[in-house]
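Written below as structure tokens is the structure these notes are about.
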Amino acid sequence: QVRLVESGGGSVQPGGSLALSCAASGFIFSSYSMYWYRQAPGKERELVASIDATSRRKTYGDSVKGRFTVSRDNTKKTISLQMTGLKPEDTAVYYCRASTNRGLFWGQGTQVTVSA
């Protein structure tokens, strides 16, 4: 079955950096775009970044442009999110998502907390 497992979350001070990773299995990873979302307490889940199957096209939410970088390794079946210049408003649970021909699949999420 499709499985997405995020890792790399944690606590960091404002201005710091974190790198998230998502390991995928159970589908042809190299065929599909992948996504990072986040959800802060009391807020709707929002799209953080997307990357197409070949890494040619990447998109970012306005609030993270210039600070976050999405990448993927189709050999290892992983996507990553390098986060720099972190702000308290980046505090959220971060999820990776796969959009496949069998439907949408989500990971369990990883907590990122940014505080002084």
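Looking at the P(r) of the stretch 66-116, how many percent of alpha-carbon pairs lie beyond 16 Å? Intermediate values should be presented prior to the final figure.
Details: 695 of 1275 pairs.
Looking at the stretch 66-116, the distances longer than 16 Å represent 55 percent of pairs.
For a protection proxy built on the mean count of beta-carbon atoms within 10 angstrom, sort 69-78, 15-24, 91-100 highest first, please. It would help to have the intermediate numbers written out before the result.
Values: 69-78: 15.7, 15-24: 17.9, 91-100: 20.2.
Most protected by this proxy first, the peptides run 91-100, 15-24, 69-78.
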Q82 and R3 label points (each 7 Å along its Cα→Cβ direction) are spaced in nm at 2.9
Taking placed amide H atoms and a strict 5 Å upper bound, the residues 5 or more places from K87 or on another chain that come that close are G15
Per residue, the convex hull enclosing the alpha carbons of the stretch 5-73 has a volume in Å³ of 115
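Where Rh denotes the Kirkwood radius from the mean inverse Cα pair distance, what is Rg over Rh for the stretch 1-43?
Details: Rg = 13.6 Å, Rh = 12.9 Å.
The Rg/Rh ratio comes out at 1.06.
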Phi-derived 3J(HN,Hα) across the stretch 5-10 with the Karplus relation (6.51, -1.76, 1.60, θ = phi - 60°), rounded Hz, x for Gly and Pro, is 10, 8, 8, x, x, x
Restricted to pairs 8 or more residues apart or on different chains, the lysines in the chain with C-alpha atoms under 27 Å apart form a number of pairs equal to 9
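Going by the alpha-carbon gyration tensor, a ≥ b ≥ c the square roots of its eigenvalues, is the stretch 20-116 rounded (a/c under 1.5) or, if a/c is not under 1.5, prolate (a/b greater than b/c) versus oblate? Working shown, then result.
Working: a/c = 1.99, a/b = 1.58, b/c = 1.26.
It is prolate, given that a/c is not under 1.5 and a/b is the larger ratio.
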Under 16 Å by backbone N from the virtual spin label 7 Å along Cα-to-Cβ at W106, the residues of the stretch 36-56 are 36-49
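So, for the chain, what is the accessible surface per residue at a probe of 1.4 Å, expressed in square angstrom? Mind showing how you got there, number by number?
Values: 6100 Å² over 116 residues.
Accessible area per residue, the chain: 53 Å².
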Once both label points are put 7 Å beyond Cα along the C-beta direction, the E46-S25 separation in nm becomes 3.4
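The values are calculated or read from the model by the stated rules, or taken from the named source; none is laboratory data. Since we're looking at a predicted model, the values are computed, not measured. Ideal geometry is used to build each Cβ from the backbone, glycine not excepted, and the neighbour counts take in all protein chains shown. These accessible areas exclude ligands, DNA and RNA; they are computed on the full protein's heavy atoms, side chains included. Shrake-Rupley method; radii C 1.70, N 1.55, O 1.52, S 1.80 Å.
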